[in-house]
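Remarks on the structure that follows.
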Amino acid sequence: MPTLPTLEFRPVDLPSSGTLVVFAADGMALGEAARRVEEASDGLLAAAAEAQGYKGKRLATMTVPLPRGLDASALVVVGLGDLTKLTEADWVKVGGTIAGALPSGPNRDVTVFAETPSGPLTTEQSLDVALGLLLRSYEFNAYKTKKGDDPEPAPRKVTMGLPNAGDIEARWEAVRSIAEGTMLARDLVNEPANVLGPVEFAERAAKLADLGVEITVLEPDELERLEMRALLGVAQGSERPARVVVMEWKGSQSGAKPVALVGKGVVFDTGGVSIKPAGGMEDMKGDMAGAAAVVGTMHALASRGAKANVVGIIGLVENMPDGKAQRPGDIVRSKSGQTIEIINTDAEGRLVLADLLTYVQEAHGPNVVIDLATLTGAIIVALGHHHAGMYTDDDTVAAQLTDAGRATGDLVWRMPLGKDYDTLIDSKVADMKNTGGRFAGSITAAQFLKRFAKDALWVHIDLAGTAMAAPANEVSRTFGSGWGVRLLDRFVADYHEDGAADVPRGPAA
């Protein structure tokens, strides 16, 4: 995990060095501390804004190097726009915008006057800004060789100037845990597949034991004994053996049924015998982003001591076109006993999830099951890169996840399920086939998984467009975004902590 800035929260005055950050609302409206900066610099802010046409619009920045009348090396203004329209997710973006606007240089100290024209930021707003600042600071440079003899720059020290800093420190470690979980997911997705195979991925997930997570790693002999033959069928074309990792966090004192998080972990997906086109295939190192989100979430929950019972399970395989690989036309028997006709070996993630869904229900009796997978390109065609597709028959849990997504910025959009779509995966020679054809591809994939969810309160999230190779934004600048960790952490925090009762079912969609 990369070296992150250190953050402090305390009352501050004008800094004697480093970068000073102030906020401005629409029309260059300033808070009290920013007005002190304006006085000390003899009207520098107003003059610079007029010269640059800067008006304090939301997330717009203005940088003034070596500001007169101040000892700071640079002055950065971050726009807030209309204060009445800023959401929790917007404040996280503000923090990311700050990190992106900081100048490089030997002096790494940063002071943020955390106030608006209406007064100091609230505790929640301050924590959101700090979270965004950490997330934007993430870089993945593990494989870049150092150039020259210059030492690595020291971590930034960021001081957020606040009069109410006392109550923030107590909550900051929990927020930092969420940031670390998100960045762990990013690290996993960003790793090349020659480094991170199923065995290596399992070893990294097993490190969660250091945080009190109970770890069980299932190897091929045990998977065969458990009759996970749909999952093993995907792995049989690779020389690298499959792994399933079960991670249990038991933080509730009430004995509540666990939340189950199920992740697709195809460490590299060639498509198998139904091989993918060469263009862009390198991105298929990220086909394990669902599993990465589950591991990152388990890290966040354990690190902050979530008072909930959560089980994470990930299926780790590599899909390769070896002579031992499964073929179109093969029929496999899943752990549930249902048979599957293989139409396309590139529709492999759903085979992995099918056995995991059966296993987690039988072994753990969860309250709610949420599976996450970079499952289809079709969801990107439907929703682009800004929402993940969500499938469930339950209105209540759909609303809960939608609200958690809006709060955190990990957005989900509910997609349809129905019998007419389900018939598209009926097979003439088996119980079902593993793809329903070109049309409604993401929906028929969800319908496939639904057949293994049985009567569970179940949600499928297709994050193919949001978790890997998504466009850069205010808080994510690398191939892996860590999408899903903040969503799932918030869902658990809002609805399943402190021994909360089972999620009530809404009317069927």
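No value in this document is a laboratory result; all are computed from the given coordinates. This is a predicted model, so every value here is computed, not measured. Quick reminder, even Gly has a Cβ in these numbers, built from the backbone with ideal geometry, and neighbours come from all protein chains shown.
Sorting 229, 304 by the number of Cβ atoms found within 10 Å of their own Cβ, with the fewest placed first, yields 229, 304. Note on residue 63 and residue 29: the model spin-label points, each 7 Å out from Cα along the C-beta direction, lie 2.8 nm apart.
For the stretch 6-164, lysine pairs separated by 8 or more sequence positions, or belonging to different chains, with Cα-Cα distances below 17 Å total 4.
Using the alpha carbons of the stretch 177-495, what is the convex hull volume per residue in cubic angstrom, as a whole number? Provide the component values of the computation, followed by the final result.
Numbers: hull volume 37.0 nm³, N = 319.
About 116 Å³ per residue, rounded to a whole number.
Applying a DSSP loop filter and a limit of 15 other Cβ atoms within 10 Å to the trypsin sites (Lys or Arg not before Pro) in the stretch 369-459 leaves 428, 438, 454.
Taking each residue as 0.36 nm, the span from residue 39 to residue 10 lengthens on full extension beyond its C-alpha to C-alpha distance by 8.2 nm. For residue 463, the amide hydrogen comes within under 5 Å of the amide hydrogens of 373, 374, 375, counting only partners 5 or more places away or on other chains and with H modelled in the peptide plane. Our coupling estimate for the stretch 316-324, obtained by passing each phi through the Karplus curve with A = 6.51, B = -1.76, C = 1.60 and θ = phi - 60°, is 10, 9, 10, 9, 10, x, 6, x, 8 Hz, Gly and Pro reported as x. Against the main long axis of the alpha-carbon atoms of the chain, helix 349-364 sits at an angle near 90°. Using θ = phi - 60° in the Karplus curve 6.51 cos²θ - 1.76 cosθ + 1.60, the 3J(HN,Hα) couplings for the stretch 415-420 round to 10, x, 10, x, 4, 4 Hz; x is entered for Gly and Pro.
What FRET efficiency do you get for residue 454 and residue 217 if R0 is 25 Å and r is their Cβ-Cβ distance, rounded to the nearest 0.05? Efficiency at R0 = 25 Å is approximately 0.45. For the stretch 177-495, the Cβ-based charge dipole about the Cα centre amounts to some 320 debye (Lys, Arg positive; Asp, Glu negative; other atoms uncharged).
Basic side chains Lys and Arg get +1 at the Cβ, acidic Asp and Glu get -1 at the Cβ, and with that the dipole of the stretch 6-164 about its Cα centre reaches some 440 debye. When 254, 303 are sorted by how many other C-beta atoms sit within 10 angstrom of their C-beta, beginning with the fewest, the order is 254, 303.
Could you pull out the longest piece of the chain with no exposed loop chymotrypsin sites (Phe, Trp or Tyr not before Pro) in it, calling a site exposed if DSSP puts it outside H, G, I, E, B and it has at most 12 other Cβ atoms within 10 Å?
On the way: sites that count: 143, 439.
With chymotrypsin sites (Phe, Trp or Tyr not before Pro) excluded where exposed in loops, the chain gives 144-438 as its longest stretch.
Comparing Cα centroids, the stretch 281-317 and the stretch 104-143 end up 26 angstrom apart.
Using a Förster distance of 56 Å, how high is the FRET efficiency between residue 84 and residue 438, based on the Cβ-Cβ distance and rounded to 0.05? Computed FRET efficiency for residue 84 and residue 438 comes out at 0.75. Over the chain, dividing the summed -39,500 (n - 2.57) contributions of all DSSP H runs of at least 4 residues by the number of residues returns a 222 nm mean residue ellipticity of -10500 deg cm²/dmol.
Tell me the GluC sites (Glu not before Pro) within the stretch 180-245 that lie in a loop according to DSSP and have at most 14 other beta-carbon atoms within 10 Å. Those that pass, being in a loop and sparsely packed, are 239.
Cα-Cα pairs above 17 Å in the stretch 376-468: how many percent? The answer is 50 percent, as a whole percent. Amide H contacts for residue 21 (H built 1.01 Å from N in the peptide plane; partners 5 or more residues away or on another chain; cut-off under 5 Å): 76, 111, 112, 113.
Once you reduce the stretch 362-441 and the stretch 1-32 to the center of their Cα atoms, the two points are 42 Å from each other.
Give the order of 87, 466 when sorted by the count of other beta carbons within 10 angstrom, beginning with the fewest. Display every interim value, and only then the final one.
On the way: 87 12, 466 30.
Least to most surrounded, the residues fall as 87, 466.
Annotation for residue 171 and residue 195: the two label points, set 7 Å from Cα along the Cα-Cβ direction, are 3.6 nm apart. Taking amide H as placed 1.01 Å from N in the peptide plane, residue 251 has its amide H under 5 Å from the amide H of 308, 309, 310, each at least 5 places away in sequence or on another chain. Each residue of the stretch 156-171 was assigned a 3J(HN,Hα) from its phi angle through the Karplus curve 6.51 cos²θ - 1.76 cosθ + 1.60 (θ = phi - 60°); the sequence is 5, 10, 10, 10, 9, x, 8, x, 9, 5, x, 6, 7, 4, 5, 9 Hz, with glycine and proline shown as x. Across the options 338, 255, 284, the greatest Cα extent toward the positive end of the charge dipole of the stretch 250-352 (unit charges at beta carbon of Lys, Arg, Asp, Glu) belongs to 255. The base-10 log of I(q)/I(0) for the stretch 6-164, evaluated at q = 0.12, 0.20 Å⁻¹, reads -0.49, -1.32 [Debye formula, identical scatterers on Cα atoms, solvent excluded].
Hey, which of these cross-link pairs are over 25 Å Cα-Cα: 264/335; 257/285; 276/454; 324/433?
257/285; 276/454
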